[in-house]
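Here is the structure we will look at.
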Amino acid sequence: MNPVLVLGGGPAGLSAAGELASLGAPTILVEREGYLGGNPKRWHYSLLAPDLRPTEEVMDPLLGKIEGNSRIELRLSTTLAKAEPVEKGYRVTLRSAGALEERDVSSVIVATGFDHFDSRRKFEYGYGRYPDVLDFKEIEIMLHEDRVLRPSDGKPPKRMAWILCVGSRDVQVGNPWCCRMGCVVSIKQAVEVRRKHPEIDAYVYYMDIRTYGLWEDLYWKSMQEYGVKFVRGRIGQITLAEGGSRLMATGEDTILSRPTEVPFDMIILASGMEPSAGTKEVATLFGLSVGPEGFLTPRISDLNPVDSGVPGLFFAGAATGPKAIPDAITEGMGAALRAFQYARD
Amino acid sequence: MSVVAHLPRRAQSLTEEEAESPPAMELTGRHRMSEDERTVAATIFDEFHADPRYREFVLGCLNCGECTTGCPAARFYDFSPREMLQIAATGDATTLWDALQEKIWACCQCYTCNMRCRFGNDIAGIISVMRELSVIHGLESTRRTLAPFGRSLTLLMTVGTQVSSDMIQPDFFRDWGPFATGSDQVWQVTPEVMRKAIPLDVLQTTRSSWEVSVQTSLELFRIYEETGVLDMLRGLDPDLTEMLVDIVEERREEFAEARERFSSELAGQRGPVATFTG
Ligand code: SF4
Ligand code: SF4
Ligand code: SF4
């Protein structure tokens, strides 16, 4: 059997490659970065919502299945340069460090994932301009290392705010979709802060709280047990206050129907999920249709979210839309099974 | 008296005396409508929803409040673009009627709300549709509201602007000036850049912002005539309209004479002068 090609070494790709190996299929795992683990690794995710489980507890077993596995050929710092359909599967060209290599593969799993929204594009929040305005990309590592300090002066904050839906549900930046995780992750972060530093006030500004299913529990607990405060309405702009030493958040409290202006020491933007650069490249290379959102579209997503509709090509994870880690892992398993069946038959 | 004097201040609560004697104009819910008013309100409601701009401007609303955040009017008055959009999207004839009485006039048409709206609504636009309807139907409240604005209207109709640069109060517009930002790139406007971008006399005096060439002002007036704006205004304030027509007629004559002089001076030297029939 020709090997199965897995594109992307995040949770979905790791899960797919691990499953394929345990099914006995030879697998090539291609990752464009020089390390495995995808966004959770790249941005040093701290605890995972909703169970407040350290990210390592989820990522390490996934990684453990890959490393040293004789059935998996690991190709880091490698990208896909070309893909041609052959009678069964694809003839692909891999590029690493400028060198090209042609390989025949029996099927392909696209697990190219998402990128966090670049919060600079929402310029009214001053991300990239005011050091104490952060987004998910920076706050997770701070929580991970337990040093929640203002980048501007290294002092601990007294009052923090989270602004949900930054780069999501917003046609101004061209991203009308919901990121699915921003609410629960923000709440989790606020809980992490309050658990360790109860002296820090935590406010979450929201237009809807979407902690669907059992995630709702953390939302309730965040108020009941950790005293996180929720304000219904959005912050529309951040400016400097008190001689530049604090941030001024201007918004509307839509329950009280009045404008608000509150000074904060640190503000966290719940930066959403966009199709990653790799996802866009793969769409072009395979001539795949993408939805209006730019994510890959499964043939019938309700029936089989891993089925691309193209023979020998399967999807897994956030390449087809915002997804939480467990969903990405499950899809990795599903895609592995389908790719294996296709390669075998 | 300014339009906003009617509106209760946001920051302070009403004193007992104020609460007992409501402002000259009745606000939402307090006013019992007459049969005639009800009929007009129903007509306005239908016309509002039939307006082709309605479906283009009012798309839906997440009630996020970001439009209100940047709204200068919302900072001072019991008014918010979110409320206006809600009334446009879900209000009935009575709520629309109530908004038309006064609130719509608190907006200064700066369009910040549009820039902020994540749903892509044209809130400033729908407010101006509401205003148009209240003017077209010659609402008594509109007449009263606009009465103190003869000077502004005159300027708008003859010059095209009535805002001057000294009206800008930096404290109220934190996102303006040195901290202004452009789409993707972060840049700062230094006083040096500002001085280059804006002519010095404009920075120092307001008078020059009202200076406009005769030809431009006549073209503007022609637009008002052709698009029916002048007729709308006539229905609301015939006296002011006649005065404006007089002013413009006089300018047209002056302009015609000047053109005459100019072209006879140029005769034989150059080709024909561009014709303008203002
Ligand atoms: S999950 Fe929450 S933060 Fe993310 S877009 Fe949806 S509502 Fe906004
Ligand atoms: S256009 Fe009117 S409603 Fe919109 S922000 Fe400006 S003043 Fe407020
Ligand atoms: S910004 Fe747009 S979506 Fe948000 S409240 Fe205003 S009108 Fe509604």
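Structural remarks
- Some residue of region A:158-165 being within 11 Å of chain B (Cβ to nearest Cβ), more than 18 Å from the chain's Cα centre (by Cα) and either more than 16 Å from ligand 1 (Cβ to nearest atom) or within 30 Å of residue A:315 (Cα to Cα) (or both): no
- Extreme residue, surrounded by the fewest Cβ atoms within 10 Å (Cβ to Cβ), among residues of region A:150-208 that are within 16 Å of ligand 3 (Cβ to nearest atom) and of a type in the set (S, T, N, Q): A:172
- Consider region A:242-266 and keep the residues that are within 14 Å of chain B (Cβ to nearest Cβ) and closer than 21 Å to residue A:139 by Cβ. The one that is surrounded by the fewest Cβ atoms within 10 Å (Cβ to Cβ) is A:263.
- Within region B:127-144, the set of residues being in contact with a helix residue (DSSP H, G or I) (Cβ under 8 Å, 6 or more places away or on another chain), polar (S, T, N, Q) and surrounded by fewer than 21 Cβ atoms within 10 Å (Cβ to Cβ) comprises B:141 only.
- So residue A:184, is it more than 16 Å from ligand 2 (Cβ to nearest atom), within 18 Å of the chain's Cα centre (by Cα) and away from every other protein chain (no Cβ under 14 Å): yes
- In this entry, residue B:124 passes the filter for residues that are at pLDDT 95 or above, more than 10 Å from chain A (Cβ to nearest Cβ) and open to solvent by less than 50 Å² (accessible area, probe 1.4 Å).
- The set of residues in region B:59-79 that are facing chain A (nearest Cβ under 7 Å) and within 9 Å of residue B:106 (Cβ to Cβ) contains only B:74.
- Residue check, residue A:285 more than 12 Å from chain B (Cβ to nearest Cβ), touching a residue at least 60 places away in the same chain (Cβ under 8 Å) and surrounded by fewer than 21 Cβ atoms within 10 Å (Cβ to Cβ): yes
- Residues of region B:95-117 include at least one that is more than 16 Å from ligand 1 (Cβ to nearest atom), among the aromatic types (Phe, Trp, Tyr), in a helix (DSSP H, G or I) and away from every other protein chain (no Cβ under 14 Å).
Yes/no per residue for (1) more than 27 Å from residue A:175 (Cα to Cα); (2) out of contact with any Gly (no Cβ under 6 Å at 6 or more places or on another chain); (3) open to solvent by 30 Å² or more (accessible area, probe 1.4 Å):
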{"position": "A:41", "(1), (2), (3)": "no, yes, yes"}
{"position": "A:52", "(1), (2), (3)": "yes, yes, yes"}
{"position": "A:65", "(1), (2), (3)": "yes, no, yes"}
{"position": "A:82", "(1), (2), (3)": "yes, yes, yes"}
{"position": "A:95", "(1), (2), (3)": "yes, yes, yes"}
{"position": "A:115", "(1), (2), (3)": "no, yes, yes"}
{"position": "A:121", "(1), (2), (3)": "no, yes, yes"}
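- Failed condition for residue A:233, given (1) at pLDDT below 95; (2) more than 24 Å from the chain's Cα centre (by Cα); (3) within 16 Å of ligand 1 (Cβ to nearest atom): (1)
- Residue A:249 touching a residue at least 60 places away in the same chain (Cβ under 8 Å) and either of a type in the set (Gly, Ala, Ser) or within 16 Å of ligand 3 (Cβ to nearest atom) (or both): yes
The values are calculated or read from the model by the stated rules, or taken from the named source; none is laboratory data. Quick caveat: nothing in here was measured; it's all calculated off a predicted structure. With ideal geometry, Cβ positions are generated from the backbone for all residues, glycine too; neighbour counts draw on all protein chains shown. Quick note on the areas: whole protein, heavy atoms, side chains included, nothing else; ligands and nucleic acids left out. Shrake-Rupley method; radii C 1.70, N 1.55, O 1.52, S 1.80 Å.
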